[in-house]
1. Rg/Rh for the range 33-158 to two decimals, with Rh computed the Kirkwood way over all alpha-carbon pairs.
2. Can you tell me what the convex hull of the Cα atoms of the chain projects to on average, as an area in nm²?
3. Within the P(r) computed for the range 113-163, what percentage of the Cα pairs occupies the region above 15 Å?
4. Run the numbers on the chain and let me know its relative contact order in percent, using alpha-carbon pairs under 8 Å that are six or more apart.
5. I'd like the orientation of helix 518-527 relative to the chain: the angle between its Cα long axis and the longest Cα principal axis, in ° from 0 to 90, rounded to 10.
6. Work the Kirkwood hydrodynamic radius out for the range 40-100: mean of 1/r over every pair of different alpha-carbon atoms, inverted, in Å.
7. Let me check against my output: what whole-number percent is the relative contact order of the range 461-547, with C-alpha pairs under 8 Å and at least 6 apart?
8. Two decimals is fine: what's Rg over Rh for the range 264-327, C-alpha atoms, Kirkwood radius as Rh?
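Values in this text are rule-based calculations from the coordinates and carry no lab data. Just so we're clear, the structure is a prediction, and the values are computed from it rather than from any experiment. Quick reminder, even Gly has a Cβ in these numbers, built from the backbone with ideal geometry, and neighbours come from all protein chains shown.
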């Protein structure tokens, strides 16, 4: 994640130097490019399509260097379980036979077998799986939708050219060339929901049209089914802004009811009913989300600093106990003053690295001028509320901020606009810096592709994903069905998990299971008697599968025959 910081810092240093000594450099070329940009941006609908299609085409263009990714992180496998479930035409799955052998992270097994996450990411992955034969194409579509939605959002805040320019930033930066577009972890859908909410809000204020109210409600529904907590923070700030406008301007009540409140209520009622039905099907309780079931079953550490830790549940596997023990230690460390400060620094640092970095820090130097701009008052307040919402949660990942990414882009675009008009002793210093910022983003694209395409380091989670996919590819070419027993050493790293499965374990060609000792292994193998069984030592220096040759219940039954085949 940090590999691009050094090259970007050099580009920024060069840009600052040239801004001081040669601010007219490239002025003719930049002027021609800006005219072409303005010509496209004048047609708002076309510019929205161009942003979305640009993201899709760029990802296809870099496929030779960034092929379809292999999942490696536990969240990814949970989303892929949801995708496979929906692709099978159902909302959840029956409990697998002998389910403890298949137990893994971020999945529930009672009262049904399902991903713990909200359903929308899984539905989009399932669209890719069903229509394009691979879940990755659902990720691809979601990134295109995000970039188009961000362009539409920015058009409500800025003139068309600036909106178009700002929407190309995620195309060049974190949309296509980050884990958002190169994993199954999510981010783009939550950013889309935030963009729809924040783009509809000023439109509702200006014209109270039914279509804007419908888009507003659609954005809320997307947030509720991707990042419910962070999305609710953004929505709360937006509702606060709308309420302030209503109290200050007192628009006709009948117009608000007919054009805003009623359409929003209808859409949210339908979306809410669908979400409640999903929870009912998965958890048996319409008001209990799968994530609540999972956390109540496994987790010791709560999400917020002021909450107290839960009693440790009974775990069936040491690896699962160790995983939630890591969470517990992080939670207790974060509750100390030093730990909390370190957590805040970490969150700010990761957020800056991913969304801003050295190049996009340049326009943020205009923040003192933006603070005095009344048009920036709401984005600044909403952005602060969103950041506080993330700070008060112990655990953090970059895409937790995805619902608020549109707010950050509003700051960046306004900063570029301010920077463009700034001069130093009459020279167009700011104009050059604003142009150099965008040019630097373009120049960084090949380096970003190179960084992402680098082979993962051995022993990392990413390398595990590649190894796991290679083993599955080998077994897919063999006749019959297979089951792989995964054995871990006592000092196994709990982050390095191998056991993940799809929706229909019983009929899958390859099933991954935990080695639970001779007696329980034999019970599993008797149930799957028609499968060829393999053993994988996850902590061996050379990770591979070998035949699980001895299937009696004796004390040596879980060991390999001395002459076992080295490779499948």
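1. Across the range 33-158, the Cα-based Rg/Rh ratio is 1.13.
2. 28.7 nm²
3. Counting every Cα pair in the range 113-163, those more than 15 Å apart make up 58 percent.
4. Once normalised by length, the contact order is 18 percent.
5. Taking the Cα atoms of the chain, the angle to 518-527 is about 80 degrees.
6. On the way: mean 1/r = 0.0648 Å⁻¹.
It works out to 15.4 Å.
7. 37 percent
8. Looking at the range 264-327, the ratio lands at 1.14.
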